[in-house]
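Read the figures in this text as sums done on the coordinates, not as results from a lab. Owing to the predicted nature of the structure, the values given are computational and were not obtained by experimental measurement. Positions of Cβ are generated from backbone atoms using ideal geometry, with glycine treated the same way; all protein chains shown enter the neighbour counts.
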Amino acid sequence: MSNTHNLASRHPPNFVEAKNTRQKSRAAGLDPNRWYAVEYDNAIKKGQITEVVFWNLPIALYRGEDGLLAAVQNRCPHRQLKLSHGAVENCQLRCAYHGWAFNREGWLVDFSHDSFGKPLLKKQLRTYPVAIRYGLIWVFPGDPEKAESVEIPNIPELEGDDPWASVTVDFTWNTHHSMVIDNVCDFAHAFLHRKYRPFTDAKLRHFESDDNRVFLSYDTFVGGGRFSGMFVDRERINTKSIDLCYEYPYQWSDTGGKIKHWCFLLPIGERKTRVFFVFYFDAFKIPLTSLKTPKWLTQTVLRIASPLLLKPILLEDGIALEAEQEGYDEFWDAPPIELNPVVPLFQQLTAHKWEAYLQSQEKLNTIGA
């Protein structure tokens, strides 16, 4: 067998085969017994349907004519067509092939060829709890009985009568979700963003971890870019440090209690992740003055900054992450080199949570056998 063939047949190990924490984290899924942001609320109008995917699990997400959302298994049990190819009629989802219609609970409620006999369906389609918060649609892809006891992240600054100015951007990157967490929490990559300078001269000041999160703080200069620096209110905000947290399976940051963000991951597959970034600010300052911007102006500045600053910075991250995935796929067995002591903790948490989920499923299967 030639060396070329040997190289071509090599591939990264799966979770069971993995021999170290990094390899395990790169093969791990995310626990489905959590709420995951899957789409913007305004992206699905009445009568529309789309497919969202959680870790290779296709889900048909649709909005009935009454305005309510539903999420069901994206597979007609008749000929296995995706229901997302079909149509919404009133509050039902109708398959494109034979016109079988299913309600929000997944039951077959209508079929258009009754002269051939009634379909014998012993089991309904699987359904998934759905919620709307912060302008995003959330789906619970795991055990629906656990959905009520698991909370969607709480962002009090975006609720109530006087919410902070905010903007949400999203990207779909050809990379594993664990690489995204490493990226957004590791401030050693300031060189990548040297054009925009969102942070510089980062020094890890503190970190701690437990079974559910990894918390860390950097001393760093935040918002040093030519454009962004004009609006950062350094008199009211401490922009010389930042707190970050991987609060499984989400991530957030806090600069001076006034500049914050959440990162919500949707693991589509082993090498594909959709990422929603929610940025929210208490206020900016009006350039060349010490005046604080009112809420309406803060929101306007954010809308302008999104395509000019936020998205370009994150696009740089996306290019690096997709290149990292390509590199890992080829050199997955290279010895791990990591100078930031917190990054292995991110990977350890991801691997630990996935292993715990797999063990819980094995236990359920044993009980049911």
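Taking Cβ separations below 4.7 Å as the criterion for a possible disulfide partner, the isolated cysteines in the chain are Cys91, Cys185, Cys245, Cys263.
Quick check: Cα centre of the range 16-45 to Cα centre of the range 280-348, how many Å? Going from one Cα centre to the other spans 19 Å. With a ≥ b ≥ c the root eigenvalues of the C-alpha gyration tensor of the range 45-149, is it rounded (a/c under 1.5), prolate (a/b larger than b/c) or oblate? Prolate shape, in that a/c is at least 1.5 and a/b is the bigger ratio. Between His11 and Leu288, residue separation times 0.36 nm minus the direct Cα-Cα distance comes to 94.2 nm. Can you give the FRET efficiency for Asn238 and Thr366, using 1/(1 + (r/R0)^6), R0 = 56 Å, r = Cβ-Cβ distance, to the nearest 0.05? So, using R0 = 56 Å, E works out to roughly 0.60. Listed by chain and number, the lysines placed with their C-alpha closer than 26 angstrom to that of Lys82 are Lys45, Lys46, Lys118, Lys122, Lys123, Lys272; residues fewer than eight positions away on the same chain are left out.
Counted by Cβ distance under 12 Å from His189, the other residues give a net charge of -4, where Lys and Arg count +1 and Asp and Glu count -1. Largest GNM mean-square fluctuation among Arg271, Arg226, Arg126, using the chain with Cα springs under 10 Å: Arg226.
Rounded to the nearest 10 degrees, the angle from helix 343-368 to the longest Cα principal axis of the chain is 20 degrees.
Applying 1/(1 + (r/R0)^6) with R0 = 35 Å to the Cβ-Cβ distance of Glu247 and Leu339 gives a FRET efficiency near 0.90. Shape descriptor for the range 288-362: Rg over Rh equals 1.21 (Cα atoms; Rh from the Kirkwood inverse mean 1/r).
You can think of it this way: the chain between Thr172 and Asp110 has 18.7 nm of extra reach, that is 0.36 nm per residue less the Cα-Cα gap. Mean silhouette area of the range 161-352, derived from the convex hull of its C-alpha atoms and averaged over all directions, reads 11.4 nm². Geometric descriptor of the chain, per residue, is 181 Å³ (volume of the convex hull of the Cα atoms).
Summing charges over neighbours of Ile286, with a neighbour being any other residue whose Cβ is under 14 Å away from its Cβ, gives +3 when K and R count +1 and D and E count -1.
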